[in-house]
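Nothing in this text is a laboratory measurement; each read-out follows from the coordinates by a stated rule. Owing to the predicted nature of the structure, the values given are computational and were not obtained by experimental measurement. Positions of Cβ are generated from backbone atoms using ideal geometry, with glycine treated the same way; all protein chains shown enter the neighbour counts.
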Amino acid sequence: MDCKEIQDKLSAYIDRELAPAEEERIRLHLDVCGTCTARYAMLLQAWQALDAWQDVAPPDRMRTKILASVRPQRRETRFRAALSVAAALLLVFGLAFYYFGQKSGSMQHLADSQTPVQTAVGDVSEEEIMANLPLLQEDDFIEALDELVRIDDLPLAEEPSNSIKEPERSSLNLVVT
């Protein structure tokens, strides 16, 4: 072993943390090397000085003072965390309200932009039904009526802009002439 390796292991040698064979090699090296022996003696003195060290108990007021300075920081940290959570929730709810408000507002705009339809509802005589029976029996006409049933509020005819709006009715109200 060279001196650097020996000096790196001197602390473990003093604490008896090495294998017996390695301790023997270090002891033999210390017998012949003055530099490593001086380093070993210096480390032993440092450990002996540390062993003589006695802990001094801090005064009671010091503990009280330290704890008093730590407690307000804890409260402040909790307050900041709660404030952060509240701000995040407010942001989420605000964005959701804005988004869904815009969505329903655009739907209302579409509903307001539709022109009302003028329809007339009246009694239909049996002769009119019999006269239009071939039309009612056509498959295309029946499919078109079924589609109109599925699509509510579909205007069948445009109303003049100066007319009075009637109560809302289904798009299936037929104009009878």
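Quick notes on this structure:
- Packing-based ranking, highest mean first, of 90-98, 6-14 given that Cβ atoms within 10 Å are counted: 6-14, 90-98
- Selection among 26, 45, 67 by position relative to the dipole of the stretch 1-76 gives 67 as farthest towards the positive end (Cβ unit charges, Cα centre).
- When 33, 3 are sorted by how many other C-beta atoms sit within 10 angstrom of their C-beta, beginning with the fewest, the order is 3, 33.
- Given charges at beta-carbon only (K, R positive; D, E negative), |dipole| of the stretch 1-76 in Debye: 800
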